[in-house]
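Asker: First the structure, which I've put down as structure tokens, then a few questions once you've had a look.
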Amino acid sequence: MSLRGTTFLESVLQTLKRAIELGGYPQEVYEILSRPQRIITVNIPVKMDNGKIQVFTGYRVQHNNALGPYKGGIRFHPEVTLEEDIALATVMTFKNALNGLPYGGGKGAVAVDPKKLSKRELEELSRGYARALAPFIGPETDIPAPDVGTDPQIMAWMVDEYSKIAGRNVPGVFTAKPVVLWGNPVREYSTGFGVAVWAREAAKKLWGGIEGKTVAIQGFGNVGYWGAYWLEKMGAKVVAVTDSKGGIYNPNGLKLADVKAVKDKTGTVMNYDSPGTRKITNDEVLELPVDILVPAALENVIHKGNANNIKAKLIVEGANGPTTADAEKVLHSKGVWILPDLAANAGGVVMSYLEWVENLQWYFWDEEETRNKLERILLDTFNRVMIRWSKLGMDKVTIRELHMWRPWIGYTMP
Ligand code: NAD
């Protein structure tokens, strides 16, 4: 138990238990899905620029492959733990199943601060990780992708290393690759796009539309920035954003392009200044008087200690696991809609699926066609979720609880 109440893994397992009760499934389902099928630990020696060898520990958790190859990102972060990786892999199983993808769930991690490595050191580490995992991954076995701290360049190194070992070009083993290396231009913004699509559709149900609705976003990385970009394009008003250093708030709305320029130039949104804009902390951003809150940084930020202070009516989980199970109970009882990670941030993995399909068939769609395919899958999921949620009682169950049982029986229409 952490200071914030339940840990991420405890929250995931609590929800799984409740989902199994709701579905009337036997206890055996919990026994199977509450632990991963396989955990791989690797220790990767890297010759640092100072000539010394440093050994980095990493994991790949292969949670469940009942529906297809394991699929999920790789996180490079100094504070990763095996427990966190197991929780993330478990969420991937449910996310892939919910979205009708032919995948199980997996997740990888390396305990490292990638910002502290030179480019050469980072390449050696990435290649070392791919080499160590090569016997356990592949386009039909396990298909990793980026997560916090990893990017298309790292995927390119990993694909190259894997392909060298395989003796042929195998782009389908990793997704979110650079566009010139069999990636797809939509992947860069697909998670943020999905966050915005889910927010827009929920806003239609709650308020008749998203136009003019105020949004606060925690995190201004891949998910936070692109989420903000698409939400603004769809007519919402982004009033607050933060990064690891803190953030900014302007009740009249932020000029996102300017905020992004400041972040790119100085490394943080905190240096953005304009009349009516004030600095806020990463705790404050969660409690602002806004319509929509998008946690898009790390897990467990909404917990029982702050759940009662949250004013947004709609929470769209850009990050994985930002709301603890305890906090979800509190918010749900107050009528707050929580669009959970396994739904709201699935744009990335759905797009990864489309990229993988392109790679397997060696045939490619243009950006617009790809985005339309992505949006159609996201809308299908949204509509299925809403039908089922209304049927079982929006006040009785949460979306997360509703959909955790699906992997056991496979993909079925409501
Ligand atoms: P990223 O590294 O691009 O960005 C993370 C952002 O969070 C940065 O702005 C960083 O400054 C900020 N941050 C870091 N520590 C923080 C803290 N303590 N408080 C507040 N902000 C902090 O990562 P990302 O890819 O945008 O991922 C963010 C979340 O979204 C993660 O939970 C990840 O698992 C999830 N996610 C990402 C994708 C994807 O395609 N990138 C897909 C699904 C889910």
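Asker: Go through the range 66-86 residue by residue and tally those that are surrounded by 24 or more Cβ atoms within 10 Å (Cβ to Cβ) and either among the aromatic types (Phe, Trp, Tyr) or in a helix (DSSP H, G or I) (or both).
Answerer: Of the residues in the range 66-86, 4 are surrounded by 24 or more Cβ atoms within 10 Å (Cβ to Cβ) and either among the aromatic types (Phe, Trp, Tyr) or in a helix (DSSP H, G or I) (or both).
Asker: Can I ask one more? Tell me yes or no: at least one residue of the range 52-63 is part of a loop (DSSP other than H, G, I, E, B) and among the hydrophobic types (A, V, I, L, M, F, W, C). Please lay out each step first, then the result.
Answerer: Quick first cut of the range 52-63, residues part of a loop (DSSP other than H, G, I, E, B) only: 52.
So of that shortlist, the ones also among the hydrophobic types (A, V, I, L, M, F, W, C) come out as none.
Within the range 52-63 (the criterion being part of a loop (DSSP other than H, G, I, E, B) and among the hydrophobic types (A, V, I, L, M, F, W, C)), the answer is no, since none of the residues qualifies.
Asker: Right, another one. Would you check if there is a residue in the range 307-321 being touching a Phe, Trp or Tyr at 6+ places or on another chain (Cβ under 7 Å), open to solvent by 10 Å² or more (accessible area, probe 1.4 Å) and polar (S, T, N, Q)?
Answerer: No, every residue in the range 307-321 fails to be touching a Phe, Trp or Tyr at 6+ places or on another chain (Cβ under 7 Å), open to solvent by 10 Å² or more (accessible area, probe 1.4 Å) and polar (S, T, N, Q).
Asker: PRO289 passes all but one of (1) over 26 Å from ALA176 (Cα atoms); (2) open to solvent by less than 70 Å² (accessible area, probe 1.4 Å); (3) more than 14 Å from the ligand (Cβ to nearest atom); which number fails?
Answerer: It is condition (2) that PRO289 fails.
Asker: Let me ask another. Which pairs do you get when a residue that is open to solvent by less than 10 Å² (accessible area, probe 1.4 Å), found in the range 156-176, comes within reach of a residue that is among the aromatic types (Phe, Trp, Tyr) and not in a helix (DSSP H, G or I), reach meaning Cβ atoms under 8 angstrom, with the pair 6+ apart or on two chains?
Answerer: Close Cβ pairs satisfying both conditions: MET158/PHE174; PRO171/TRP182.
Asker: Do you know which residues across the range 201-229 are surrounded by fewer than 20 Cβ atoms within 10 Å (Cβ to Cβ) and more than 13 Å from the ligand (Cβ to nearest atom)?
Answerer: Matches in the range 201-229: GLU201, LYS204, LYS205, LEU206, TRP207, GLY208, GLY209, GLU211, GLY212, THR214.
Asker: Can you confirm whether GLY149 is in a strand (DSSP E or B), buried (at least 19 other Cβ atoms within 10 Å of the Cβ) and assigned by TED's automatic domain parsing to the domain that holds HIS77? Please lay out each step first, then the result.
Answerer: Values: in a strand (DSSP E or B): no; buried (at least 19 other Cβ atoms within 10 Å of the Cβ): yes; assigned by TED's automatic domain parsing to the domain that holds HIS77: yes.
So GLY149 fails the test.
Asker: Same structure again: Can we say LYS116 is within 16 Å of the ligand (Cβ to nearest atom) and free of Cβ contacts under 8 Å to residues at least 24 places away in the same chain?
Answerer: Details: within 16 Å of the ligand (Cβ to nearest atom): yes; free of Cβ contacts under 8 Å to residues at least 24 places away in the same chain: yes.
So LYS116 passes the test.
Asker: Restricting attention to the range 292-301, does a residue exist that is farther than 28 Å from TRP182 by Cβ and without any contact (Cβ under 8 Å) to a residue 60 or more places away in the chain? Reasoning before the result, please.
Answerer: The first filter runs over the range 292-301 and keeps only residues farther than 28 Å from TRP182 by Cβ, leaving 292-295, 297-301.
If we keep only those that are without any contact (Cβ under 8 Å) to a residue 60 or more places away in the chain too, we end up with none.
Within the range 292-301, none of the residues are farther than 28 Å from TRP182 by Cβ and without any contact (Cβ under 8 Å) to a residue 60 or more places away in the chain.
Asker: For the range 97-127, which residues satisfy the criterion of being part of a strand (DSSP E or B) and open to solvent by less than 30 Å² (accessible area, probe 1.4 Å)?
Answerer: Taking the range 97-127 first, the residues part of a strand (DSSP E or B) are 104-111.
Matches in the range 97-127: GLY104, GLY105, GLY106, LYS107, GLY108, ALA109, VAL110.
Asker: Among strands (runs of 3 or more DSSP E) lying entirely in the range 194-310, which contain 1 or more residues that are under 29 Å from LEU378 (Cα atoms)? Talk me through it step by step, then tell me what you get.
Answerer: Details: elements: 214-218, 237-243, 246-249, 278-280, 292-295.
Hits in the range 194-310: 214-218, 237-243, 292-295.
Asker: Related question: Would you check which residues across the range 311-362 are assigned to a helix (DSSP H, G or I) and among the aromatic types (Phe, Trp, Tyr) and list them? Give the derivation first.
Answerer: So in the range 311-362, the residues assigned to a helix (DSSP H, G or I) come out as 325-333, 341-344, 347-361.
If the condition is that a residue be assigned to a helix (DSSP H, G or I) and among the aromatic types (Phe, Trp, Tyr), then TYR353, TRP356 are the ones that fit.
Asker: Is it fair to say ALA156 is within 12 Å of the ligand (Cβ to nearest atom), assigned by TED's automatic domain parsing to the domain that holds LEU67 and at pLDDT 95 or above? Spell out the reasoning first.
Answerer: Values: within 12 Å of the ligand (Cβ to nearest atom): no; assigned by TED's automatic domain parsing to the domain that holds LEU67: yes; at pLDDT 95 or above: yes.
Answer is no for this residue.
Asker: Being more than 18 Å from GLY68 (Cα to Cα) and at pLDDT 95 or above narrows it down to one of VAL336, VAL350, so name that one. Outline the logic, then answer.
Answerer: Details: VAL350 fails: more than 18 Å from GLY68 (Cα to Cα).
Being more than 18 Å from GLY68 (Cα to Cα) and at pLDDT 95 or above holds for just one of VAL336, VAL350, which is VAL336.
Asker: Collect the residues in the range 230-258 that are buried (at least 24 other Cβ atoms within 10 Å of the Cβ) and charged (D, E, K, R), keeping them in residue-number order.
Answerer: Those that are buried (at least 24 other Cβ atoms within 10 Å of the Cβ) and charged (D, E, K, R): none in the range 230-258.
Asker: Quick check on the range 128-138: of everything there that is over 15 Å from ARG75 (Cβ atoms) and touching a Lys or Arg at 6+ places or on another chain (Cβ under 8 Å), which residue is surrounded by the fewest Cβ atoms within 10 Å (Cβ to Cβ)?
Answerer: So, considering only residues that are over 15 Å from ARG75 (Cβ atoms) and touching a Lys or Arg at 6+ places or on another chain (Cβ under 8 Å), the one surrounded by the fewest Cβ atoms within 10 Å (Cβ to Cβ) is PHE136.
The values are calculated or read from the model by the stated rules, or taken from the named source; none is laboratory data. Just so we're clear, the structure is a prediction, and the values are computed from it rather than from any experiment. Note that we place each Cβ from the backbone using ideal geometry, even for glycine, and neighbour counts take in every protein chain shown. Keep in mind that these areas ignore ligands, DNA and RNA; they rest on the heavy atoms of the full protein, side chains included. Shrake-Rupley method; radii C 1.70, N 1.55, O 1.52, S 1.80 Å.
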